[in-house]
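Enquirer: Following this message is one structure expressed as structure tokens.
The values are calculated or read from the model by the stated rules, or taken from the named source; none is laboratory data. Remember, it's a predicted structure, so these values are computed and weren't measured experimentally. With ideal geometry, Cβ positions are generated from the backbone for all residues, glycine too; neighbour counts draw on all protein chains shown.
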Amino acid sequence: MAHLNIRINNEQVLVLMEVGQLYYMRGELDKAEKVLRGALTLGRDNADVYGSLGAVVHAQGRTEEALGYYQLALQGCPSETCARSNMAQLMILGGNPKQAVEELEKSIEGKDLDDPAVKRASALLQIARILEQQGFTPAAEPPAQPAE
């Protein structure tokens with residue numbers, strides 16, 4: 001297999017990320033994933049690409065894969081608020097609000113409280129604390145839908 005020697009700068013990776021995010025916002029998750037995987041191929045050390053790819057696969061219901069991407073994003077940038085709060089959201093939904101509280105506290109520590117990502121993390125933190133106090137565990141099965 002031939003290897004291409006392509007040099008790409010971080011700005012080009014960011015452009016691909018923007019395209020992926022546009023597809024994501026339009027609900028075209030397959031296209032978003034393809035573009036972000038391309039960005040990942042070109043920018044393996046970019047934590048934001050991992051975080052964005054995590055959000056896309058999360059939206060597709062691939063929870064474990066999303067958690068892996070969020071963890072990779074945090075390895076590259078431990079202070080990344082969006083990836084950490086998205087990961088904490090999955091922890092909440094998975095019945096682990098205690099661990100979510102820990103992650104969300106890290107997410108907002110020392111950050112600008114007016115930042116929209118920090119505001120979201122703060123709101124999730126309040127929810128996680130309430131759920132933790134109430135001993136929340138997710139339902140084993142979703143409730144049955146009423147017959148029409």
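Enquirer: Are there any helices (runs of 4 or more DSSP H) wholly within segment 1-102 with 2 or more residues that are touching a residue at least 40 places away in the same chain (Cβ under 8 Å), and if so which?
Expert: The qualifying helices (runs of 4 or more DSSP H) are 81-93.
Enquirer: Checking the condition within 10 Å of the chain's Cα centre (by Cα), within 24 Å of E132 (Cβ to Cβ) and surrounded by 16 or more Cβ atoms within 10 Å (Cβ to Cβ), which residue from L53, L90 passes?
Expert: L90
Enquirer: Of everything in segment 37-50, what is under 14 Å from the mean Cα position of the chain (by Cα) and either over 18 Å from E80 (Cα atoms) or among the aromatic types (F, W, Y) (or both)? Give them in sequence order.
Expert: Selection gives Y50 alone.
Here is a yes/no grid of residues against (1) modelled with pLDDT of 95 or more; (2) of a type outside the set (A, V, I, L, M):
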{"position": "L14", "(1), (2)": "no, no"}
{"position": "D30", "(1), (2)": "yes, yes"}
{"position": "R44", "(1), (2)": "no, yes"}
{"position": "V56", "(1), (2)": "yes, no"}
{"position": "P78", "(1), (2)": "no, yes"}
